[in-house]
Amino acid sequence: MTTRECGEFRRHLPDAGGADRIVVPGRYTPAELASQADLVAASIVNNTSFNCIATKLVVTGRAWPQREEFLGTVRRRLASLPARTAWYPGSTAAWEEASGRKAPADGTLPWVLAEGIDPGRDPRVERECFVPVACEAALEGADVATFCRRAAEVVHRLPGSLAASVTLPAG
C-alpha cells in the first residue's frame, strides 16, 4: 500500500474517536513538518483544550525517522504558549489526574504532551478529558499499510465519534 492508498482509510475515520491526529510516516519537508506540528499544538490549546474538538491523541509511527523532530517541534510550540487559567469546572483535579502532576498555585494549567503511551492500556484514552493534556502513541508498523491499519484500529476503539485528522506527506 502506498502513502496515497493509505489516505483512502480517511474515509473510514468520521466515526473515529474524539479528535485524533494521525501522522502517517513518510518523508516530510521541514516546512510540512513545522506546519503539521503547529496544527497539532493549535488543536491542543484551542479554548484551553476545554472542548470536544481539542486533540487528545496523536498517533505516530515508532520507527518513523522524523518522529522525534516532529514531537520536538510540537513540544516547542506548546512551551512557547502561556498556560491558561483553569476556568472549566473540575479541570484542576482532572488535569492533575491526567498529567500526574500538581497544578501550579497560580490557577493555570500547563500544556502537557504525554509521549509514547500504550493506547491499549493508558486510561487517558478511555475517556474525554477537557484539560490541556494530550497523548502520543507510537505504533509499530513495518510499512505504511501496516501502520495505517493499526492506526485505524486504535482510533476506532476510542470513545467519541467527532473527528479525526490524517496527515500525509506530499507525493
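The values are calculated or read from the model by the stated rules, or taken from the named source; none is laboratory data. These figures come from a predicted structure and were not determined experimentally. In this analysis, Cβ positions are derived from the backbone assuming ideal geometry, glycine residues included, and neighbour counts consider all displayed protein chains. Surface areas here come from the heavy atoms of the whole protein model, side chains and all, with no ligands, DNA or RNA. Shrake-Rupley method; radii C 1.70, N 1.55, O 1.52, S 1.80 Å.
Given in Å, the Rg to one decimal and the Dmax to the nearest whole number for the Cα atoms of segment 55-147 are 14.6, 47. Computed from Cα positions, the angle between helix 67-79 and the longest principal axis of the chain comes to roughly 30 degrees. The GluC sites (Glu not before Pro) of segment 84-144 that DSSP puts in a loop, and whose beta carbon has at most 14 other beta carbons within 10 Å, are 126, 140. Between residue 76 and residue 102, what length in nm is gained on full extension when 0.36 nm per residue of separation is reduced by their alpha carbon distance? Extending this stretch completely gives an extra 7.2 nm.
Which whole-number percent is the relative contact order of the chain (Cα, under 8 Å, 6+ apart)?
Values: 309 pairs, mean separation 72.4, N = 171.
Rounded, it is 42 percent for the chain.
For residue 87 and residue 62 in one chain, what is 0.36 nm times their gap in residues minus the Cα-Cα distance, to one decimal in nm?
On the way: separation 25, 0.36 × 25 = 9.00 nm, distance 3.55 nm.
Result: 5.4 nm gained on full extension.
Ligands, DNA and RNA are left out, and with a 1.4 angstrom probe the accessible area of the chain is 49 Å² per residue. Extension gain, residue 122-residue 170: 0.36 nm per intervening residue step, less the Cα-Cα distance, totals 14.1 nm.
For the chain, the Cα-based Rg and Dmax, in that order, read 15.5, 51 Å. The 1.4 Å probe gives accessible areas that order 102, 56, largest first, as 102, 56. Taking the protein heavy atoms of the chain in the context of the full set of protein chains, the accessible area attributed to carbon and sulfur is 53 percent at 1.4 Å.
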